[in-house]
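Working notes for the structure below.
Every read-out reported here was derived from the displayed coordinates using simple, explicitly stated rules and does not represent laboratory data. In this text the structure is predicted, and so the values were computed from the model without any measurement. Cβ sites come from the backbone with ideal geometry, for glycine too, and all protein chains shown count toward neighbours.
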Amino acid sequence: MVWKDFLVERRSKETLNSLFFFALLLLFVFQFALGPDRERLAGTLPGLLWLGFMLSGLLGLGRTFVVERENDCWEGLLLAPGDKSAIYVGKLAGNLLLMVVIETVLLVLFGFFFNLDLAGILPALAVVIALGTVALAAVGTLFAAMTAQVRARELLFPVLLLPVQAPVLLATVKATEAVLLGEPLGSVAHWLKLLAAADVVYVAVGVLTFDFVLEA
Amino acid sequence: MRRLLGGATLAGLVAGLVMAFGIAPREATQGNVQRIMYLHVPSVWVAYLAFGVVLVASVVYLVRRDDRADRLAHASAEVGVLFTGLTIATGSIWGKPTWGTWWTWDARLTSVSILFVMYLGYLLLRGMVEDRERGARFAAVLGIVAAFNIPLVHFSVIWWRTLHQPPSLMKPGPGAMPGIIVAALLVNFAAFTLLYVYFVTRRTVVLGLEAEAEA
Amino acid sequence: MADNWSFVIAAYGLAVVVLAMYWRFLVRRERELDDAGVVRQQLRQAPGVSGHAQTEPGSRSPLP
């Protein structure tokens, strides 16, 4: 696990810088595409925010196993002794860390560009984002391992991940919408429960099936 | 045996058509457009059945490593996608005269569409992995993830749509439907299930021959 | 409400076309692969059992 974290650290430096820049670009693109009209943008903010998270996630998570592949360490992964699910958990932890960093940056940028007052709603928002991120990263890590060895992986990864993430996207956007409107978390309890269920299911399936993905 | 199954399927489909157009009455509120339901609803059923079979076959494959389970999963997914597409198309055709638009983000249409793209991705993955054994493993994992995702999709879409909109017209309570319409639906359910079994068995055989030809 | 028979016919017509096409695909593919399998088997057998008169001598031109 320590070895994993070391890998994560090293990859982060490569990936993080580009992802920060990508997040900034996303903000620009959203603004340009929708026009500078604040009123109209306000209604689409939760969607834009999660679109930003998802797109960054697609790029960031898709690179989960890039280091192993490019440095010919794939065999090492396959032959690693012990339980393969430990690798999954390690990778998932690394990805969660990556996603949290990116999401924080995106959130700050959103607050800055769209004049959001985040201070008051931050705890509630953090709950929603945490639940959504675990779901995104759990499936993303699993699929990244599957697509790493496939041709056209850059295409296949989002094509597989996005449909599966549809319920997560619906839930997080709706919950974020309520939070941004200042409603209490209780009003979106059903969405949070759905997200929690998704987290449990995805992580459980990931842990249980990762063995088969990394089989020699 | 297969000939018998094929014959039974054909007979079932003809009976279904007779029930849909000959026996079932013109529905009071929707008119004859409602007759599309005898095609649409059994298609959804077959789609869900197919994806359930994909789940079971995927688990069996991962545990037993039986290539036949893998082929069954592949065949079932393909037939499932076929019927999901049919469901969306017929739902859309039904929606035009009923809602006045080809497409609305109705709860059912939405969740079926998500299933459609999810399992299209599954078939895409199968086509893209060169190594047969590895492709089978990956597909099985995806088949399991996708199946567990179905309830999540279902509930999220229902909540997403019905918070601000009344439930769709498509779902009258079972008590509201006259017996004869239920009977016509049931005949079509049976016929489509037979059709599913027929398609899947044939497709499984073809996949087996394909594997043989490659070996 | 209007009857909109055209929509009903369109829906059923579409279903018939799609399902028939899939059925035809299955039948054709199976026949194709069956034929290929038979040919392969004959090829496999031919060199092994050379004395067997499965192929007529005249039907295949000898290699020059």
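Between B:THR29, B:THR87, B:THR204, the Gaussian network model of chain B with springs among Cα atoms under 10 angstrom shows the greatest mean-square fluctuation at B:THR29.
What FRET efficiency comes out for the pair A:ASN115/A:ALA86, r = Cβ-Cβ distance, R0 = 41 Å, nearest 0.05?
Working: r = 45 Å, r/R0 = 1.09.
With R0 = 41 Å, the Cβ-Cβ based efficiency is 0.35.
For region B:1-148, the relative contact order is 25 percent, taking Cα pairs closer than 8 Å that sit 6 or more residues apart in sequence and dividing their mean separation by the residue count.
Helix-derived [θ] at 222 nm for chain A: sum -39500 (n - 2.57) over DSSP H runs of at least 4, divide by residue count, nearest 500?
Details: 9 runs with 177 residues, N = 216.
About -28000 deg cm²/dmol.
Charged side chains reduced to their Cβ positions (Lys and Arg at +1, Asp and Glu at -1) give region A:2-213 a dipole of some 180 debye around its Cα centre. Label sites at A:LEU185 and C:VAL27, each approximated as a point 7 angstrom past Cα along Cα to Cβ, lie 6.1 nm apart. The largest-to-smallest principal axis extents of the Cα set in chain B are 58, 44, 26 Å.
Where does chain B land at 222 nm, in deg cm²/dmol rounded to the nearest 500, when only DSSP H runs of n ≥ 4 count, each adding -39500 (n - 2.57), divided by all residues? Let's see the in-between values first.
Working: 6 runs with 166 residues, N = 215.
Value at 222 nm, helices only, nearest 500: -27500 deg cm²/dmol.
Between B:TRP102 and A:GLU70, the modelled labels are 4.4 nm apart [label points 7 Å from Cα along Cα→Cβ].
The simple Förster model, with R0 at 45 Å and r as the Cβ-Cβ distance, assigns A:VAL29 and B:ARG132 a FRET efficiency of 0.65.
Report the convex hull volume per residue for the protein assembly as shown, counting only C-alpha atoms, in Å³.
Values: hull volume 108.5 nm³, N = 495.
Enclosed volume per residue, from the Cα hull, is 219 Å³.
In a DSSP loop and with at most 14 other Cβ atoms within 10 Å, the chymotrypsin sites (Phe, Trp or Tyr not before Pro) in region B:31-121 are B:TRP102, B:TRP103, B:TRP105. The mean sequence distance of close C-alpha pairs (under 8 Å, at least 6 residues apart), as a share of the length of region A:2-213, puts its relative contact order at 28 percent. Note that chain A, at 4 °C in a medium of 1.567 mPa s, gets a Stokes-Einstein diffusion coefficient of 72 µm²/s from its Kirkwood radius over C-alpha pairs. Once the C-beta distance of B:ARG2 and A:VAL127 is scaled by a Förster radius of 41 Å, the resulting FRET efficiency is 0.15 to the nearest 0.05.
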